Amino acid sequence: MDFTLTEEQIMIRDAARDFARNELLPGVIERDEKQQFPHEQIKKMGELGFLGMMTAPEYGGGGMDTVSYVLAMEEISKIDASASVVMSVNNSLVCWGLETYGTEEQKQKYLVPLATGEIIGAFCLSEPEAGSDATSQKTSAVDMGDHYIVNGTKNWITNGSTASVYLVICQTHAEKGHKGINALIIEKGMDGFVVGLKENKLGIRGSDTHSLMFNNVKVPKENRIGEDGFGFSFAMKTLAGGRIGIAAQALGIASGAYELALQYSKERKAFGKEISQHQAIAFKLADMATEIEVARLLCLKAACDKDEKRNYDQSGAMAKLYAADMAMRNTVEAVQIHGGYGFVKEYHVERLMRDAKITQIYEGTSEIQKIVISRSLLK
Ligand code: CAA
Ligand code: FAD
């Protein structure tokens, strides 16, 4: 087994690291505090190719592998998890979903501007009463022949107000349960589509999370992704890859906090020596570095499975489960290593701790990852 990265993968990782340090770090505390979306920075990420990394070049993407995407997600997330969730949703849910299952017309019309970062997209599955229990979709898409009429509410939608294109999961044939669900492409500005209030969040406060309302929105049939009834399968297949991106986000949050804690422990003195020289702190660092390496290997394993066309439902869920729980543990330790300084905003680790929490919740909670993993083991 060869763990060596290719020259191209190293170049992409380093480009993401430089971008994060030079462009995302300045202002990250202020954006968090004021809940400001990183508009300028996301535009630059599009220009640098970070928003359609895995999309084929013929559709405006970078044609890169999933390993490169994981490396870039880790670097961006070390500094700004609000920017990396925009990147993750656009790359692995929206662009991947359209490229894999969209028609040629849908790809030309929507995927090309999404992959180049000219516009960004959103993935809309969750509802007020359908989060983990995702088959209980209430948003309806009534078949009117050449179009659908969509009614309902989506909750917690990342890029809710900044997106231009929304992949919306709706129920068409309620009597068929999850086999009656469709995925529709809905554009901002369609009559009856209303963006609701922005959520005031614990973490990833620079990302814009909104509810969305659909009141008799007329959606042409050509905007359906895949065959009639393919929508739930579309959502599950897309989320399987999305979970690799969020696992890499959790990994980045943890490794960002660890790097800050390591540095701080070598500078801060107590009882006549650097705190890193106290074994209690040195052992915390040893545990953190080990857990981060485990999470990195799980992320890369899932990414390799995807790149090599092996099934990645289980490896992606394992990577997300482990990396998310690990990020929560290790960001708490990073705050502890900083003592009182860790509790204030200037030192960044309190923000990373708050940001870590969401990785245990979205794209399937940690409990849901255990359902996915155990079903895969037991089938
Ligand atoms: N690929 C293809 N099909 C799949 C699949 C997969 N990975 N996983 C499940 N399915 C299919 C099943 O085969 C089944 O179809 P058939 O009956 O035809 O075989 C169908 O989906 C229903 O599956 P289950 O019977 O297993 O359904 P369930 O009700 O028990 O729920 C679940 C399964 C895994 C818990 C699912 O509901 C789930 O993933 N819930 C979590 C939802 C989630 O992750 N939401 C994230 C929203 S997006 C987001 O959060 C973005 C962001 O933050 C940035
Ligand atoms: P619930 O499903 O009500 O779960 C509550 C608790 O019960 C959890 O601990 C859960 O693990 C547990 N639980 C539920 N069922 C089981 C079970 N069978 N066994 C064991 N435990 C169980 N959704 C989108 O569609 N698109 C987005 O872009 C998006 N972005 C988000 C951004 C943010 C900031 C947030 C907070 C959420 C976002 N979500 C998005 C929604 C997210 O995916 C859901 O919040 C998540 O799937 C959990 O659903 P829920 O909040 O309804 O919790």
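General observations
- Among (1) in contact (Cβ under 8 Å) with a residue 40 or more places away in the chain; (2) over 31 Å from the mean Cα position of the chain (by Cα) - the single one residue 282 does not satisfy: (1)
- Test: residue in the stretch 136-151 that is under 30 Å from residue 30 (Cβ atoms), surrounded by 17 or more Cβ atoms within 10 Å (Cβ to Cβ) and away from ligand 2 (no atom under 14 Å from the Cβ): no
- From the list 159, 223, the one residue that fits, being away from ligand 2 (no atom under 14 Å from the Cβ), crowded, with 20+ Cβ neighbours inside 10 Å, closer than 25 Å to residue 88 by Cβ and at pLDDT 95 or above, is 223.
- Filter result for residue 252 (modelled with pLDDT of 95 or more, touching a Lys or Arg at 6+ places or on another chain (Cβ under 7 Å) and either at negative phi or in a helix (DSSP H, G or I) (or both)): yes
- When residues in the stretch 348-379 are screened for being more than 24 Å from the chain's Cα centre (by Cα) and either crowded, with 24+ Cβ neighbours inside 10 Å or under 17 Å from residue 33 (Cα atoms) (or both), 0 of them pass.
- Residues in the stretch 354-373 that are of a type in the set (Gly, Ala, Ser) and more than 9 Å from ligand 1 (Cβ to nearest atom): 2 in all.
- Only strands (runs of 3 or more DSSP E) whose full extent lies in the stretch 147-204 are considered here, and the ones with at least 3 residues that are closer than 26 Å to residue 34 by Cα and under 22 Å from the mean Cα position of the chain (by Cα) are 147-158, 193-198.
- In the stretch 80-117, residue nearest to ligand 2 (Cβ to nearest atom) [restricted to those that are crowded, with 24+ Cβ neighbours inside 10 Å and β-branched (Val, Ile, Thr)]: 89
- Unique residue being over 27 Å from residue 260 (Cα atoms), part of a helix (DSSP H, G or I) and of a type outside the set (D, E, K, R) when the list is 63, 46: 46
- Pairs where the first residue, in the stretch 303-330, is over 14 Å from residue 66 (Cβ atoms) and the second is aromatic (Phe, Trp, Tyr), C-beta under 8 Å, 6+ apart: 330/258
- Here the stretch 103-142 is the region considered, the condition is being charged (D, E, K, R) and in contact (Cβ under 8 Å) with a residue 60 or more places away in the chain, and the residue that is nearest to residue 47 (Cα to Cα) is 118.
The values are calculated or read from the model by the stated rules, or taken from the named source; none is laboratory data. Given the structure is predicted, the values throughout are model-derived calculations rather than measurements. Positions of Cβ are generated from backbone atoms using ideal geometry, with glycine treated the same way; all protein chains shown enter the neighbour counts.
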